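Worksheet for the structure shown next.
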Amino acid sequence: RQSLYNYFFLRHDKWNGKQVIVIEAKPKVAEEISTVYGEVWIDPTDYSIVKIAADPQSIKGYDKLKDLARKLHTKLYFTLETEFNEFHNGIRFPTQVSMLEKYKGGEYINQYRGHQGWERTRTVFLYKDYQFFAVETSVSVENN
């Protein structure tokens, strides 16, 4: 699937105390992509992905949230991030997925929620206590 995207260097950064490279992955043809895309944090020592921050436009249902924001005359703040901090046998595994849906500004939100805005949903999935184990199989062929 890598050939379906254009990649752009954004910056060198620090994440969890380590130097990382941040790139942007954007589909070459947006209509052909059905997966999430956005900014990617990469460990330059092994080129593994340590974090992904999704572009909200790439998330199914985002347009409905934008419609709600328009109806409320407010601004939508939406984030979806995945972190990969568990490293085992050269493979990174997810450790956290977090999503935030927040609305700020507008008469209704300011009146009932104040200038801090309305945090409609915050969802965090934590992956921990990974159980790594080996699965072994054997095959035997008998000729009758």
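Here are the numbers for this structure:
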| read-out | value |
| --- | --- |
| Selection count, region 43-61, where residues are open to solvent by 30 Å² or more (accessible area, probe 1.4 Å), under 21 Å from PHE93 (Cβ atoms) and not in a loop (DSSP other than H, G, I, E, B) | 2 |
| Residue match in region 27-34 (condition: under 28 Å from GLY90 (Cβ atoms) and basic (Lys, Arg)) | no |
| Verdict on GLN116 being of a type in the set (S, T, N, Q) and outside any helix (DSSP H, G or I) | yes |
| Residue in region 87-101 that is within 23 Å of SER48 (Cα to Cα), assigned to a loop (DSSP other than H, G, I, E, B) and either among the small types (Gly, Ala, Ser) or free of Cβ contacts under 8 Å to residues at least 12 places away in the same chain (or both) present | yes |
| So GLU136, is it in a loop (DSSP other than H, G, I, E, B) and surrounded by fewer than 15 Cβ atoms within 10 Å (Cβ to Cβ) | yes |
| Among the residues listed as TYR77, TYR62, TYR37, TYR47, the single one being hydroxyl-bearing (Ser, Thr, Tyr) and at positive phi | TYR47 |
| Scope region 119-132; condition within 21 Å of ALA69 (Cα to Cα) and open to solvent by 80 Å² or more (accessible area, probe 1.4 Å); matching residues | GLU119, ARG120, ARG122 |
| Criterion: modelled with pLDDT of 95 or more and charged (D, E, K, R) - qualifying residue of ASP13, ASP46 | ASP13 |
| Residue that is most open to solvent (accessible area, probe 1.4 Å), among those in region 78-118 that are of a type outside the set (S, T, N, Q) and in contact with a Leu (Cβ under 7 Å, 6 or more places away or on another chain) | TYR108 |
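The values are calculated or read from the model by the stated rules, or taken from the named source; none is laboratory data. Only a predicted model underlies this, so the values are computations on that prediction, with no experimental measurement involved. For neighbour counting, all protein chains shown are included, and Cβ atoms are generated from backbone atoms with ideal geometry for every residue, glycine included. Please note that ligands, DNA and RNA were not included when accessible areas were found on the heavy atoms of the full protein model with its side chains. Shrake-Rupley method; radii C 1.70, N 1.55, O 1.52, S 1.80 Å.
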